[in-house]
Structures are given as C-alpha cells and as structure tokens.
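Right, one structure below, let's go through it.
The values are calculated or read from the model by the stated rules, or taken from the named source; none is laboratory data. This is a predicted model, so every value here is computed, not measured. Counting neighbours? That spans all protein chains shown, and the Cβs are built from the backbone with ideal geometry, glycine included.
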Amino acid sequence: MSSLGSREKKLLLKIAREALCAAAERRELPENAPCEFVSGESTGAFVTLRKRGRLRGCIGQLGTGRPLAGAVAHSARSAALEDPRFDPVQPEEVPDIEIEISILSALEEIAPERIEAGKHGLLVSRGGQRGLLLPQVATEMRWSALKLLGETCVKAGLERHAWREPETKVQGFTAEVFSETEFPTDESAGAPGRATPRYSTST
C-alpha cells in the first residue's frame, strides 16, 4: 500500500464530503468530483462518520477494482444512508459530522500470533458469513489482539472462538487513516455550526 500525500488526502476528504452532502440531500453523487488524483484501483476503502465524536456510520468496500476516488465517494454515501445501525443522515446533521477515511492494504491470511492490536484490521469469514473490523477499533476500545480476533468473529455472526476452527478464514490488513481533523477541507472547516478542526501535530 503506497502512502498518500497531504494533497491526495485532502482531495479524498473533499470527495467524501461532497458525497455526504449529496446523500443527506438525497441527490445523486456529483459528476464533477475532483478526480484529477486517481491512484489506480482501490484494494479497500472505508469511510467513518462521527457526529460530535460519536459514531454515525461506517461502511466501505473491499477490492472492487474501481478507482480509489470512486470507492471513497461510494463508501461515504453508503455510510450516510445504508448503515443498518443508524437512521439515514439528515441535511441538518451534516455540519456536525466529521469524516474519517481508511485506505486498506491488500488482504493477507494471518496467523493469530502475528496479529498486532492497533496495527492490523481483520476480516473473518466462513461460508457466506464475514465480519471486518478496522485497525483503529482495537485502539479506541483498548482491545488486545485476542479480543480483536474474538470480536471480529462475533461481527461475522460466528462464535467468539470460531477462529480456532479450520474452516474459518482469518485475513489481516493495515490501513492508512486520516480525517478532517488533520486535513480540514473548505467545506468542513467553513460549514455553519461546525468549529474549525484543529490540525494534528502527530506524524
């Protein structure tokens, strides 16, 4: 997974913000999205929405073969409208929503002892059941690698210890994660009712 520069991250956040606004207003995705940056095909992209710090939606795509910009736009729209845990985002909520994007590396089978909490995200699958958790979930929840593994099994609708069974497939990935807090776009920083995000000093 190649690292993205600041310009590319800001552009992807702008694309996600425009897709979020369009979704909240029940409009189609903008056809003139700024796609001068297209870095080949996406191996995976997730968009997380947070409203005043609380999760408001998170949906992504794995290995669709579509350009990265398109995957981000589609994921932002889906996170706003299709996350079954939440009601669809309404227009009045948009100024209070912060966008976080996770660009995933390729999936690789991973042995349980190699999993590092906070570094690896996991995809657990068996038959038609599968569940995915992003790397930052373990950090936010202060989970160990074993806890992350068990919770990913539960997310897949399996027993917590299903990863021990040979028919269960465990794949790991890393993610490049960035948000409007670090890279505010004009739309996010200037939206009515939304405080200008602070830049992060972390690397």
Residues satisfying the stated conditions in segment 53-72, i.e. modelled with pLDDT under 95 and of a type in the set (Gly, Ala, Ser): GLY53, GLY63, GLY65, ALA69, GLY70, ALA71
Residue pairs meeting the criteria (Cβ under 7 Å; at least 6 apart or on separate chains; first over 17 Å from VAL47 (Cα atoms) and aromatic (Phe, Trp, Tyr), in segment 123-134; second assigned to a strand (DSSP E or B) and at pLDDT below 95): none
Residue in segment 158-186 that is nearest to the chain's Cα centre (by Cα), counting only those that are within 19 Å of GLY118 (Cα to Cα) and β-branched (Val, Ile, Thr): VAL177
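For every residue, the table says whether it meets (1) farther than 18 Å from LYS9 by Cα; (2) among the small types (Gly, Ala, Ser); (3) crowded, with 23+ Cβ neighbours inside 10 Å.
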residue: PHE46; (1), (2), (3): no, no, yes
residue: GLY70; (1), (2), (3): no, yes, no
residue: SER75; (1), (2), (3): no, yes, yes
residue: SER78; (1), (2), (3): yes, yes, no
residue: VAL94; (1), (2), (3): yes, no, yes
residue: LEU122; (1), (2), (3): yes, no, yes
residue: SER125; (1), (2), (3): yes, yes, no
residue: ARG130; (1), (2), (3): yes, no, no
residue: ALA138; (1), (2), (3): yes, yes, yes
GLU82 vs. criteria of a type in the set (D, E, K, R), in contact with an Asp or Glu (Cβ under 7 Å, 6 or more places away or on another chain) and closer than 24 Å to LYS14 by Cα: no
Segment 7-52, subset among the polar types (S, T, N, Q) and modelled with pLDDT of 85 or more, residue nearest to GLU82 (Cα to Cα): THR48
